[in-house]
Amino acid sequence: MQIILQLPPGPIVTRNSCLTSPASQEIPQPFLDARQIRIRVFCEEQNCSLEGEIDEDDPRSWSWIAYETSESDNINNNHNNSSEPVATIRIVPPPHAPHPNGFHDPTEEAYIKLTRVATLPHARGRGLSRILLARACDYLAQRPDEVSPEWNGLILTHAQVDVEGMYLKLGFVTDERLGRWDEEGIQHLGMWKRIDVKRYT
C-alpha cells in the first residue's frame, strides 16, 4: 500500500476539464485517480450526480490517495502504472458555505472539512479511511498556516448517517445543532473533531 498526497491543483481543475474524456493532460494524475474512486463510489454505486461530484472546492483542496501496490513496488517504493487507486479523502480549507440547515454561529472558529471519503468495495474493511485521515491530520498539524492563520485544528465532516459509527470511532462527535439534511438522496449529519496543531515562531 502506498499513500500519495495531491496538493491543491489550482484552477486547471474545473468541472469541464475533469469530466471531458479524456481529461486534460495538465491535471495531475493523483487527482484523476481520486476522481476515479469518487465517481465509482458516489456516482456509480450510490447514484449521485456526476455533475455534482467535481465542485468549486476541488481546485483549493488537498487529496490523499491510497494505492494497492505489488510486493515489488512496496520494496522499491515505486508508484507506477501497475498500482491501483483504491481509497481517497479530501480536505477543504476555509472559508466555507453556510451549514446546510442554516445554523449560524457568529463566534464559530475556522475549520477544515473532511469530504469525499471513498473506498472501492474490494478494499473496504482494511481501515484505509482511518489511515488516510491520520496521514492528513499529521501533515496539516505540522503546517497549520498553509490552511489558515486562524485555523487551530478544528475539523468538520458531513457524514452519511449510515456511517456515523465509523466517524465516532475516528474521534468525531455529532453536532445535533446541525441537524440532518439530504444530499443527493442520502441523509447526512455534521460531526466535529479537533487535532493538536504546531506553530513554530
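The values are calculated or read from the model by the stated rules, or taken from the named source; none is laboratory data. Predicted model only: the values in this text are computed from it and were never measured. Every residue, glycine among them, receives a Cβ derived from its backbone with ideal geometry; neighbour counts consider all protein chains shown.
Values as computed for the structure displayed
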read-out	value
Test: residue in the stretch 111-118 that is within 15 Å of residue 191 (Cα to Cα), at pLDDT 95 or above, surrounded by 14 or more Cβ atoms within 10 Å (Cβ to Cβ) and in contact with a Lys or Arg (Cβ under 6 Å, 6 or more places away or on another chain)	yes
Selection from the stretch 31-54 of residues that are without any contact (Cβ under 8 Å) to a residue 40 or more places away in the chain and within 13 Å of the chain's Cα centre (by Cα)	31, 35, 53
Single residue of the stretch 166-186 satisfying the filter (more than 23 Å from residue 108 (Cβ to Cβ) and under 18 Å from the mean Cα position of the chain (by Cα)) that is surrounded by the fewest Cβ atoms within 10 Å (Cβ to Cβ)	169
Where a residue in the stretch 82-101 is within 30 Å of residue 68 (Cβ to Cβ) and without any contact (Cβ under 8 Å) to a residue 40 or more places away in the chain and its partner, wherever it lies, is surrounded by fewer than 20 Cβ atoms within 10 Å (Cβ to Cβ) and among the acidic types (Asp, Glu), with Cβ under 7 Å and at least six apart	82/73; 84/68; 92/57
Yes/no for residue 126 being more than 19 Å from residue 188 (Cα to Cα), free of Cβ contacts under 8 Å to residues at least 60 places away in the same chain and part of a loop (DSSP other than H, G, I, E, B)	yes
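Conditions tested, residue by residue: (1) modelled with pLDDT under 95; (2) more than 16 Å from the chain's Cα centre (by Cα); (3) surrounded by fewer than 15 Cβ atoms within 10 Å (Cβ to Cβ).
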position	(1), (2), (3)
11	yes, yes, yes
60	no, no, yes
63	no, no, no
68	no, yes, no
84	no, yes, no
91	no, no, no
